[in-house]
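Working notes, beginning with the structure itself.
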């Protein structure tokens, strides 16, 4: 700890409460962690030793982090679209609302919020915990040390391919989520008899703003970066054993989710205002 | 040759290595021995640069390693091989891919040349018909041997082994020790082995330093160790009842 700070919190010289000491300690700890996060990012974005090996790793990560996530995204989006349609239908039973609004509501909800934010929260759970535990286990079993000894930039070799894979693949997941979500809404709406197929299809085409898709994809790219970098950071600096790897994995999901929600507000204000 | 001068290392204000100075000679198996928690692994990891030291000097031949920048350290690291306590094989790669990894990363050799080198390294450590197995499918002894094969893949000048015998039965442990000694002589490497296994000490200890509580207490070889007058070393060497009895008889 910095000497000046030590003096500041020395209760013999300056009369401050235990609460304030704790507050300063937490603030310093937070700033240290933030600094380490940016140092890690600098290492991640340095020049690769052998680009061909990074390319191979990236292809592998496309499969592990991207293709393997299609299933869960498809299932959740389908049911999300179905529920949005049914809820909209049961809350707009007044005859002054045209029925096609149900389709429109489903489309806009899926595009604006569910395909990007909810999908990102789900991916924070699936992909984030996977990244943190994989890198964390490599740390505690000295595999990262082995890479360092060989002269490999371990941060770049392990994290950059994951980052590239998620930044490229997650927008596709978002598009898949939009399509399947709207499809789920159509199936649920027509099967439940709350809307006709014609009305629903008219609704999803009505007053369509293409920029909403761009907005959703921009958010997805930001969220993909948050999930990968925060989870990798938690895993990379694990110190201890399996218990700490588990804790890092939990922290990765919690911190990623909170940051996704925070950036959702910020990006919405910036992009839609 | 690797020289250490007045090396100090602490964690959170607690001194773990206290003014260590030693020379590790080329073509010899140099041993760092001591009780668990004495600072052996911290010393080894400081020598290879995995821990930043507080003060002191680490020389690889005529290069001051701890003052080099990333590129300078990387150059020396390309001449290092390390065998970790838990082997540290990459879980997601097969035996073949593990040994091939440094060749793929740091050489521009053709596929045939790399395959030839890979097969040579695996044969050298007696790993046969296991190329496509994953680390989780290997026994402890096999993992160590694969890790040695990976460590020697690039013909290193320096070999570091952190407790190479931990978790192995005495016969396999002796085989691993013999392999390390043979490779050291064959390639004239500077080998440093961390151990608390007295069998290893008596088998391969050409130069030995004994560390207790982060302080170097004794330096010598396997012939001197039994007649040392260093009390803490004697407690360590003659820790079990059989060794104590043998010592009494020899006196």
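The values are calculated or read from the model by the stated rules, or taken from the named source; none is laboratory data. Please read all numbers here as calculations on a predicted model, not as lab measurements. When we count neighbours, we look across all protein chains shown, and the Cβ atoms used for this are built from the backbone with ideal geometry, even at glycine.
Considering only residues that are touching a residue at least 40 places away in the same chain (Cβ under 8 Å) and closer than 16 Å to residue B:94 by Cβ, which ones fall in region B:115-163?
B:125, B:134, B:135, B:136, B:138, B:143, B:146, B:147, B:149, B:150, B:153
Would you mind telling me which numbered condition in (1) buried (at least 18 other Cβ atoms within 10 Å of the Cβ); (2) more than 13 Å from every other protein chain (Cβ to nearest Cβ); (3) touching a residue at least 40 places away in the same chain (Cβ under 8 Å) residue A:70 fails?
(1)
Suppose the filter is within 11 Å of another protein chain (Cβ to nearest Cβ) and either modelled with pLDDT under 95 or within 30 Å of residue B:173 (Cβ to Cβ) (or both); does residue B:83 pass it?
Details: within 11 Å of another protein chain (Cβ to nearest Cβ): yes; either modelled with pLDDT under 95 or within 30 Å of residue B:173 (Cβ to Cβ) (or both): yes.
Yes; evaluated as a whole, the condition is true for this residue.
Among the residues of region B:40-59, which ones are crowded, with 20+ Cβ neighbours inside 10 Å and either more than 14 Å from chain A (Cβ to nearest Cβ) or more than 16 Å from residue A:144 (Cβ to Cβ) (or both)?
Selection gives B:40, B:42, B:43, B:44, B:46, B:47, B:53, B:58.
Might you let me know whether region B:88-110 holds any residue that is closer than 23 Å to residue B:182 by Cα and either at pLDDT below 90 or part of a strand (DSSP E or B) (or both)? It would help to see each step written out before you state the result.
Initial filter on region B:88-110 (closer than 23 Å to residue B:182 by Cα): B:88-89, B:95-96, B:98-100, B:102-103.
Cutting the leftovers down to either at pLDDT below 90 or part of a strand (DSSP E or B) (or both) gives us none.
No, that holds for no residue.
If a residue has to be touching a strand residue (DSSP E or B) at 6+ places or on another chain (Cβ under 9 Å) and facing chain A (nearest Cβ under 7 Å) to count, how many in region B:60-80 make the cut?
1
Which of (1) within 16 Å of the chain's Cα centre (by Cα); (2) within 13 Å of chain A (Cβ to nearest Cβ); (3) surrounded by fewer than 15 Cβ atoms within 10 Å (Cβ to Cβ) is the odd one out, the single condition residue B:27 does not satisfy?
(2)
Within region B:122-136, identify whether any single residue is surrounded by 20 or more Cβ atoms within 10 Å (Cβ to Cβ), within 11 Å of another protein chain (Cβ to nearest Cβ) and either at pLDDT 90 or above or under 30 Å from residue B:21 (Cβ atoms) (or both), and answer yes or no.
yes
Please enumerate the residues belonging to region A:21-32 that are at pLDDT 90 or above and either surrounded by 12 or more Cβ atoms within 10 Å (Cβ to Cβ) or over 18 Å from residue A:238 (Cβ atoms) (or both).
Listed by number, the residues that qualify are A:27, A:28, A:30, A:31.
Could you please find all residues in region A:137-146 being more than 7 Å from chain B (Cβ to nearest Cβ) and surrounded by fewer than 21 Cβ atoms within 10 Å (Cβ to Cβ)? Reasoning before the result, please.
Taking region A:137-146 as the starting set, the residues that turn out to be more than 7 Å from chain B (Cβ to nearest Cβ) are A:137-140, A:144.
Within region A:137-146, A:137, A:140 qualify.
Find the residue count for region B:66-77, including only residues that are surrounded by fewer than 16 Cβ atoms within 10 Å (Cβ to Cβ) and either at pLDDT 90 or above or touching a helix residue (DSSP H, G or I) at 6+ places or on another chain (Cβ under 9 Å) (or both).
Applying the first criterion (surrounded by fewer than 16 Cβ atoms within 10 Å (Cβ to Cβ)) to region B:66-77 yields B:67, B:69-72, B:75.
Okay, now just the ones that are also either at pLDDT 90 or above or touching a helix residue (DSSP H, G or I) at 6+ places or on another chain (Cβ under 9 Å) (or both), so B:67, B:72.
Total meeting the criteria: 2.
Results for (1) more than 14 Å from chain A (Cβ to nearest Cβ); (2) under 25 Å from residue A:140 (Cβ atoms); (3) under 19 Å from the mean Cα position of the chain (by Cα), shown as yes or no for each residue.
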site: B:91; (1), (2), (3): no, yes, no
site: B:105; (1), (2), (3): no, yes, no
site: B:109; (1), (2), (3): no, no, no
site: B:113; (1), (2), (3): yes, no, no
site: B:119; (1), (2), (3): yes, no, no
site: B:153; (1), (2), (3): no, yes, yes
site: B:161; (1), (2), (3): no, yes, yes
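Can you tell me which of (1) over 16 Å from residue A:127 (Cβ atoms); (2) buried (at least 24 other Cβ atoms within 10 Å of the Cβ) is the one residue A:239 doesn't meet?
If we test residue A:239 against (1) over 16 Å from residue A:127 (Cβ atoms); (2) buried (at least 24 other Cβ atoms within 10 Å of the Cβ), just (2) comes out false.
Is at least one residue of region A:104-113 within 14 Å of another protein chain (Cβ to nearest Cβ) and assigned to a helix (DSSP H, G or I)? I'd like the intermediate steps shown before the answer.
Our first condition is that a residue be within 14 Å of another protein chain (Cβ to nearest Cβ); within region A:104-113, this holds for none.
Scanning region A:104-113 turns up no residue that is within 14 Å of another protein chain (Cβ to nearest Cβ) and assigned to a helix (DSSP H, G or I).
Can you go through A:119, A:132, A:155 and tell me which one is away from chain B (no Cβ under 14 Å), surrounded by 20 or more Cβ atoms within 10 Å (Cβ to Cβ) and either closer than 23 Å to residue A:240 by Cβ or touching a strand residue (DSSP E or B) at 6+ places or on another chain (Cβ under 8 Å) (or both)?
Values: A:119 fails: either closer than 23 Å to residue A:240 by Cβ or touching a strand residue (DSSP E or B) at 6+ places or on another chain (Cβ under 8 Å) (or both); A:155 fails: away from chain B (no Cβ under 14 Å).
Result of the check over A:119, A:132, A:155: A:132.
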